Each structure stands twice: as structure tokens, then as C-alpha cells.
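Let me begin by presenting the structure, written as C-alpha cells, before commenting on it.
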Amino acid sequence: MLIDGHGRRVDYLRVSVTERCNFRCQYCMPEKPFSWVPRENLLSFEELFVFIRTAIDEGITKIRITGGEPLLREDLDKFIAMIHDYKNDIDLALTTNGYLLEETAQRLKDAGLRRINISLDSLKSEVAWKIAQKDILAKVLSGIDKAIEAGLKVKINMVPLKGVNDDEIVDILHYCRDRGIKVRFIEYMENAHASQSLQGMHGKEILARIKEAHTIRALGREGASPSFNYVLEDGTEFGLIDPHKHDFCESCNRIRLTAEGHLIPCLYFDEAMSIAEHVKKGDIAGASEVLAQVLRDKPKENRWSHENTDEGINESSRAFYQTGG
Ligand code: SAM
Ligand code: SF4
């Protein structure tokens, strides 16, 4: 069992397989970064798997593959099958922008993927285009349909932004209700890489929008999940992820691994340790020692907060496209 320096059990690993992306979402990667991590610095799936096997042996039970856009990485289904074949009861999930899902959903399911979170910020073509800076909507919607058809458990992620898509919160909730899938509204997390003109919405503002159309009841947090669940009068459930409140840090159960082998204890902070040299040599003991150190150093909580400091809004310098959100 993996326990961190604050007594929290860590059983969830998020693996970012690439920082590259085919979208340029305003809140994540509005411009192509000055330089990508050179391809030769990316760990191969076999090298990532050396660490993943170690982490599973030590107590990881849930793995989410993310990015950048993970479906840009060739043979992702083979990587998923590698993990699934090692331990078939691992809860295997993927977060994607959905653009390439039309062609890949069935293969991912057949490889052992159970769950998929798909980002959908608007149902209006021009708004989705403005956010992602590309004409994306038709392909994303078709990808969502294919994922449902393939039998994957689908969730939708929406980041509401003031004056951009805040008028679509209820529409997206209804879109999900009609398909029997769940939406999670994610508060915009300020970070140095996002377009600086963006204004996110507080959780209470998001709930107020939904209350204009529905009565809602709070259900509570689902285990260690950062999502706080609510239910509508007709039984439809939705989630709200509010990183500006720290109550979910208390039960944080996750660590993150980047495509170049940095093991990150908290999404907000820059601290990380590399497992790259160890996994390249197949040195399981070395990788395991880095994992233990990262767990000892895992911070108690992030620094996003609704109360701004003298310097302004608390902003993370971490890029979401590197850590996988
Ligand atoms: N490309 C995939 C996607 O968009 O789903 C996976 C990677 S993306 C970094 C993972 C999640 O992080 C997405 O749901 C995205 O909406 C969310 N995200 C990215 N930047 C964010 C920000 N500044 N605030 C809140 N959520 C953010
Ligand atoms: Fe790409 Fe996902 Fe970031 Fe959008 S949120 S730029 S799709 S990594």
C-alpha cells in the first residue's frame, strides 16, 4: 500500500503520454509552446510500463491515461492492452478531447479500457471553434457517440468561462442527460500558459445557473474524487470540480507521471522527480525509491484559492498539457 507524508493512501496514477495536442484550447495551450520536449526524451510505452508495473505492484489500482492529447500517440491501444494484460482488474481510464475517437473508440474498448472522459465545452460550432481554435465540434460529437456505442463508460468535462460558454451549462447538462452520461463542470484553474483574458466561473456561480432551470440536491463527494456530486429532481447526476476549495486535497489519492518520466506529486506545484534513467535501465528498485520520495514530499494542498493574494490571483506555472490536468 502507498501512503504519503500526510497519511493519505495513494492508489491512483495519471499518466500523460504526450504533451502535444491537436487543439489549442484557450485555457490550456492557446499557442504552440516555444519548444516541445524532443521526441527522443519521451519514454517509450515499454519504459513507461516498467514504472507502471512497479506502481501496480506497490498499490496503484486506478490508472488514467491523459496528455496533451493521448490519442495522438500511435499504438495507444497496445499500451492499454499491456497494462490490462498485466492486471485485468486495474480501473483503466482515458481523458481525451474526442477528436480522434470516432476511429479509435472500439479498439480502445477491446484493449481493456473501461472509462473515458471527453472534453466538451460547447454545443455551438463557432464557440467550440473559438475555445479550441479549430473547427472541432462535429468530430467530437461523433466521437462521443462512438464511445457510448462501444460500451465505454463516458463522462463529459466542461470548463465554463464567463462570456464564452457560460450560457451553455444547462444545455450541456441536458445533452448528457439525454444520453445517460454524466457531466462534470470544472472550475477554470488559473495558470501561466492560458490566455490571460479568460475569466472562469466559481462553483457557486455554475450551480446558480443550473438552479435557474432545476432544483438540485447535494449528494457529496465520491470517495477520493475531486468531483462533488449533485442530483436534479429527475435523478440526473452531475459533478462539480472546485480546486479553489481545498476539501478534496485532504483525501488526495493521486500522483502524476509525464511522458518524459517526471513524477509529479501535485498538479499545482513545479516539484517533480525523474524516473527516466531508472526505467531505461529496467532498474525497478531505483524507480520504486523515487516513488517513495515523491510520496514523502507530496504537498498537503494546492494553492488555488478564491481569496486572491497581494500579488493577484493564485496562478500555477505548471502547464496542464504537460501534466494531463
Ligand atoms: N487533451 C485531453 C482533453 O482535453 O481532455 C486531455 C488533457 S487535458 C489537459 C485534461 C483536462 O484538463 C480537460 O478536461 C481540460 O478541459 C482540463 N483543463 C485544461 N486546462 C484547464 C484549466 N486551465 N482549468 C481547468 N481545467 C483545465
Ligand atoms: Fe489539448 Fe486537452 Fe489542452 Fe485542449 S485541454 S489544448 S485538448 S491538452
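Give me, ordered by chain and number, the residues 5 or more places off Lys155 or on other chains with an amide H under 5 Å from its own placed amide H.
Counting only residues 5 or more places away or on other chains, the set is Ile116, Asn117, Ile118.
Relative to the present Cα-Cα distance, how much length would full extension add between Lys300 and Met273 at 0.36 nm per residue of separation?
On the way: separation 27, 0.36 × 27 = 9.72 nm, distance 1.75 nm.
Going from the current span to full extension adds 8.0 nm.
Quick one: if the Förster radius is 41 Å, what FRET efficiency do Ser142 and Ala285 give, using the C-beta to C-beta distance and rounding to 0.05?
On the way: r = 47 Å, r/R0 = 1.13.
After rounding to 0.05, the efficiency reads 0.30.
Add +1 for every Lys or Arg and -1 for every Asp or Glu among the other residues with Cβ under 14 Å from the Cβ of Glu212, and state the total.
Working: positive: Lys204, Arg209, Lys211; negative: Asp166, Asp167, Glu168, Asp171, Glu205, Glu233.
So the surrounding residues net to -3.
Go ahead and set up a Gaussian network model of the chain, Cα springs under 10 Å, then flag whichever of Val231, Val154, Val183 fluctuates most.
Between Val231, Val154, Val183, it is Val231 that shows the largest mean-square fluctuation.
Between the DSSP loop rule and a limit of at most 15 other Cβ atoms within 10 Å, which trypsin sites (Lys or Arg not before Pro) in segment 107-191 are left? It would help to have the intermediate numbers written out before the result.
Numbers: sites: Arg107, Lys109, Arg114, Arg115, Lys124, Lys130, Lys134, Lys139, Lys146, Lys153, Lys155, Lys162, Arg177, Arg179, Lys182, Arg184; in loops: Arg114, Lys124, Lys134, Lys162.
Passing sites in segment 107-191 are Lys124, Lys162.
Normalised by the residues of segment 12-323, what does the relative contact order come to in percent, with Cα pairs under 8 Å and at least six apart?
On the way: 609 pairs, mean separation 64.7, N = 312.
Relative contact order, segment 12-323: 21 percent.
Using a simple charge model, +1 on the beta-carbon of Lys and Arg, -1 on the beta-carbon of Asp and Glu, nothing else, what dipole does the chain show about its Cα centre, in debye to the nearest 20? Let's see the in-between values first.
Details: 44 positive and 52 negative charges, 91 e Å.
It comes to approximately 440 debye.
Given a 10 angstrom Cα cut-off, can you work out which residue in Gly239, Gly143, Gly180 is the most mobile in a GNM of the chain?
Largest GNM mean-square fluctuation: Gly180.
Return the subset of Lys62/Lys155; Lys32/Lys155; Lys162/Lys300; Lys62/Lys153 for which the Cα-Cα distance in this structure is over 20 Å, preserving the input order. Walk me through the intermediate numbers first.
Values: Lys62/Lys155 16 Å; Lys32/Lys155 27 Å; Lys162/Lys300 30 Å; Lys62/Lys153 15 Å.
From Lys62/Lys155; Lys32/Lys155; Lys162/Lys300; Lys62/Lys153, over 20 Å: Lys32/Lys155; Lys162/Lys300.
Please compute the net charge surrounding Tyr27, taking Lys and Arg as +1 and Asp and Glu as -1 over other residues with Cβ under 14 Å from its Cβ. Walk me through the numbers before you get to the answer.
Numbers: positive: Arg24, Lys130, Lys162, Arg318; negative: Glu31, Asp121, Asp166, Glu187, Glu190, Glu315.
Neighbourhood net charge equals -2.
Calculate the FRET efficiency for Asp57 and Asp91 from the Cβ-Cβ distance with a Förster distance of 22 Å, rounded to the nearest 0.05.
Numbers: r = 16 Å, r/R0 = 0.73.
The value I calculate is 0.85.
Using each residue's phi in segment 66-81, evaluate 6.51 cos²θ - 1.76 cosθ + 1.60 at θ = phi - 60° and report the 3J(HN,Hα) Karplus result to the nearest Hz, with x for Gly and Pro.
Working through the residues one at a time gives 8, x, x, 9, x, 6, 6, 8, 4, 6, 4, 4, 5, 5, 4, 5 Hz.
Could you state the number of Å between the C-alpha centres of segment 63-96 and segment 1-48?
Centre-to-centre (Cα) distance: 13 Å.
If you wrap a convex hull around the alpha carbons of the chain, what volume per residue comes out, as a whole number of Å³?
Details: hull volume 42.2 nm³, N = 325.
Looking at the chain, the number lands at 130 Å³ per residue.
Say a paramagnetic label sat at a point 7 Å from the Cα of Ser125, along Cα to Cβ; which residues of segment 135-171 have their backbone N under 17 Å from it?
135-143
Considering only Ala285, Ala81, Ala194, give the residue with the highest GNM mean-square fluctuation for the chain, with springs between Cα atoms whenever their separation is below 10 Å.
Its mean-square fluctuation being the largest, the pick is Ala285.
Starting at the first residue of segment 118-133, write each ³J(HN,Hα) from the Karplus equation 6.51 cos²θ - 1.76 cosθ + 1.60 with θ = phi - 60°, in whole Hz, x for Gly and Pro.
10, 7, 9, 9, 7, 9, 9, 3, 6, 6, 4, 4, 5, 5, 8, 6
Pick out, from Leu100, Phe34, Leu161, the residue whose Cα sits farthest towards the positive end of the charge dipole of the chain, with +1 on the Cβ of Lys and Arg and -1 on the Cβ of Asp and Glu.
Leu100
Bear in mind these aren't lab numbers, they're just calculated from the coordinates by the rules spelled out. Source: prediction; values computed, not measured. Heads up, the Cβs are rebuilt from the backbone with ideal geometry, glycines too, and the neighbour counts pull from every protein chain shown.
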